[in-house]
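Structure, as structure tokens:
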Amino acid sequence: MARKRDLASKLTQETSRPGWRDTITGSAETAAAESEARPEPKAPETRRRRNRLQRKTYLLTPDLVDHIAELAEQERVGINELVRWLLREALAQIESGDLVIPTRPANRQIVQQ
């Protein structure tokens, strides 16, 4: 609705007679009543923020990309959903102590096994 009002205000000047602008956005009285009745936007909830997806880029080898794609096809799930699940599971295992990241602190690298 706000986009329509913005577009209409660019195309026509504020007048008291009804016309195209009122057809798109409603009358000035309706718009005023809507803005008064509309509560102030609240800060986003933490849960909504956690569930919103973000695009991130991580470098993977072609073999790993192919392996994930094959597994997703085999399990009949989306690749993105599979990657999210795999990461959640691995992080949960790390946090519980069931999975230990084999690192070399001096070099800050993952040890190849």
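Show the residue pairs that are 6+ apart or on different chains and have beta-carbon atoms under 7 Å apart, the first residue being within region 87-102 and farther than 21 Å from residue 56 by Cβ, the second being in a helix (DSSP H, G or I).
If the second residue must be in a helix (DSSP H, G or I), the pairs left are 99/90; 99/93.
In region 66-86, what count of residues is obtained for those that are closer than 24 Å to residue 52 by Cα and either open to solvent by less than 100 Å² (accessible area, probe 1.4 Å) or touching a residue at least 60 places away in the same chain (Cβ under 8 Å) (or both)?
As a first pass, look at region 66-86 and keep what is closer than 24 Å to residue 52 by Cα: 68-69, 72, 76-86.
Checking the rest, the ones that are also either open to solvent by less than 100 Å² (accessible area, probe 1.4 Å) or touching a residue at least 60 places away in the same chain (Cβ under 8 Å) (or both) come to 68-69, 72, 77-79, 81-84, 86.
Residues meeting the conditions: 11.
The values are calculated or read from the model by the stated rules, or taken from the named source; none is laboratory data. Just so it is clear, the model here is predicted, and its values are computed rather than measured. Cβ coordinates were reconstructed from backbone atoms using ideal geometry, including for glycine residues, and neighbour counts include every protein chain displayed. Only protein heavy atoms, including side chains, enter the accessible area calculation; ligands, DNA and RNA are left aside. Shrake-Rupley method; radii C 1.70, N 1.55, O 1.52, S 1.80 Å.
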